[in-house]
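Trainee: Pasting in a structure now, in structure tokens, and then I'll have a few things to ask.
The values are calculated or read from the model by the stated rules, or taken from the named source; none is laboratory data. Everything numeric here is computed off the predicted structure, so don't read it as measured data. With ideal geometry, Cβ positions are generated from the backbone for all residues, glycine too; neighbour counts draw on all protein chains shown. Calculation scope for accessible area: heavy atoms of the full protein, side chains included, ligands and nucleic acids excluded. Shrake-Rupley method; radii C 1.70, N 1.55, O 1.52, S 1.80 Å.
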Amino acid sequence: MISEKQVSKKNTEDENMETAGIIILVGNPNVGKTTIFRKLCKKNVHIENPKDSFVELSSGKLNLNGRCYKVIDIPGINSLFANSEEEIIVRELILSEDNYIILQVVDAKNLRRDLILSCELIELGKPMLLVLNMMDEALQKGIVIDEKAIRDMLGIEVVMTIGNEGEGINELRKSLITPRVSENQTSYPEYIENGIIQIQNLPHKNGCLNRAFALQLLIKNSGIFEYLGKTFFGDKELIQANQIIEKVNKTDNNNLELEIMRQRVLRAIEIESNSTRILPVKKRTFCEKFSNYACHPVYG
Ligand SMILES: Nc1nc2c(ncn2[C@@H]2O[C@H](COP(=O)(O)OP(=O)(O)O)[C@@H](O)[C@H]2O)c(=O)[nH]1
Ligand SMILES: [Mg+2]
């Protein structure tokens, strides 16, 4: 058994270890991100309010195979590029970091909604892992999910959990050691795919431009345009980018954002229907309900 002294020595060691990378817990609201965060990082948790806002970012340390990772628990988002206070702070975090792993927590009962966000997150081109949480509630509703089918279609590892009971957390820790960068991206109509390639092929300063940012440029996200102007493109390339953006939008009568969303929704529906079965849930008889009531610790 580990003594209290050993635990405190280990925590100090974790604090002092160099960070091997960052794990960002992302997901829609109320899917169990904070619950999973607390199970992963039992100690060394700090809470910050960036820019003195009410939005809280909690961070903690996680030791994986002798390497120390910083885990960040962020507020729920429905999209990376929407404009609520939470979404802006999350976006700034993602723009300010380079070396990070995305750990998306999904509510297994709301698979389709959450998979729309997965399609968007995958486009960041980062190592990513999907957690199907709330498996207890999904099973109670008769929802049976084939996680291997989701893994094959999304091209990333999928782990099932019941966060509040700690079920699946050990498997999650193991899978976090080798997260994959997905190559199974959502396909868009040809004129959008051509636009992405042309933007990505513009000469730039460093690294490569991911699909998520290329798409945001195409739908005229001024914040991303400004950010890429500072970090990625010179003035000449920004002018060329503008020409590509105008051409693609003209082809689409300026409905690009809707078309991109439509394709992600279609993909989420496809993944859900190929991985999920709904079994009839047996309705409880009056006698069964009554016997539960009679055995209830308070009312029984
Ligand atoms: N039944 C069930 N409840 C869960 C599970 N994981 C988390 N919860 C509960 O769901 C609620 C929302 O969880 P929270 O971690 O705050 O979600 P967040 O908004 O994504 O951070 C809390 O009441 C948790 O106790 C789970 O796997 N099963
Ligand atoms: Mg939370």
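Trainee: Take the alpha carbon gyration tensor of the stretch 190-254, find the square roots of its eigenvalues, order them as a ≥ b ≥ c, and report rounded if a/c is under 1.5; if not, report prolate when a/b exceeds b/c, else oblate.
Mentor: Prolate, because a/c is 1.5 or more and a/b exceeds b/c.
Trainee: Under a crude label model (7 Å from the Cα following the beta-carbon direction), how far is residue 277 from residue 95 in nanometres?
Mentor: With each label placed 7 Å out from Cα toward Cβ, I get 4.7 nm.
Trainee: Can I ask one more? Using the per-residue mean of other Cβ atoms lying within 10 Å as a proxy for protection, in what order, highest first, do the peptides 31-41, 249-259, 79-89, 214-224 fall? Working shown, then result.
Mentor: Working: 31-41: 21.5, 249-259: 14.4, 79-89: 16.3, 214-224: 19.6.
Descending packing order for the listed peptides: 31-41, 214-224, 79-89, 249-259.
Trainee: Considering only Cα-Cα distances, which of the following residue pairs are longer than 30 Å: 126/230; 51/230; 148/220; 70/205; 33/230?
Mentor: Checking Cα-Cα distances, 148/220; 33/230 exceed 30 Å.
Trainee: Hey, quick one: spin label on residue 243, modelled 7 Å out along Cα-Cβ, who in the stretch 172-200 has an amide N within reach, i.e. under 18 Å?
Mentor: 194-200
Trainee: Can you give the FRET efficiency to the nearest 0.05 for residue 220 and residue 181, using r as the Cβ-Cβ distance and R₀ = 22 Å? Don't jump to the answer; show the numbers that get you there.
Mentor: Values: r = 27 Å, r/R0 = 1.24.
Calculated transfer efficiency: 0.20.
Trainee: What number comes out for accessible area per residue over the chain if the probe is 1.4 Å? Units Å², please.
Mentor: 55
Trainee: Each residue of the stretch 23-40 in turn: what ³J(HN,Hα) in whole Hz from Karplus with 6.51, -1.76, 1.60 and θ = phi - 60°, glycine and Pro shown as x?
Mentor: 10, 9, 7, 10, x, 5, x, 6, 9, x, 4, 5, 4, 5, 4, 5, 6, 6
Trainee: How much length would be gained if the chain were fully extended between residue 84 and residue 56, taking 0.36 nm per residue of separation minus their Cα-Cα distance, in nm to one decimal?
Mentor: Result for the pair: 8.7 nm of gain on full extension.
Trainee: With n ≥ 4 as the cut-off for DSSP H runs, can you work out [θ] at 222 nm for the chain, using -39500 (n - 2.57) per run divided by the number of residues, rounded to the nearest 500?
Mentor: About -14500 deg cm²/dmol.
Trainee: Output needed for the stretch 119-173: three equivalent-ellipsoid semi-axes, defined as square roots of 5 times the C-alpha gyration tensor eigenvalues, in descending order, whole Å.
Mentor: 21, 14, 9
Trainee: With the chain treated as a Gaussian network of Cα nodes joined by springs under 10 Å, which of 24, 143, 47 yields the largest mean-square fluctuation?
Mentor: Per the Cα network of the chain with a 10 Å cutoff, 47 tops the list.
Trainee: At a Förster radius of 41 Å, what calculated FRET efficiency corresponds to the Cβ-Cβ distance of residue 173 and residue 261, to the nearest 0.05?
Mentor: 0.75
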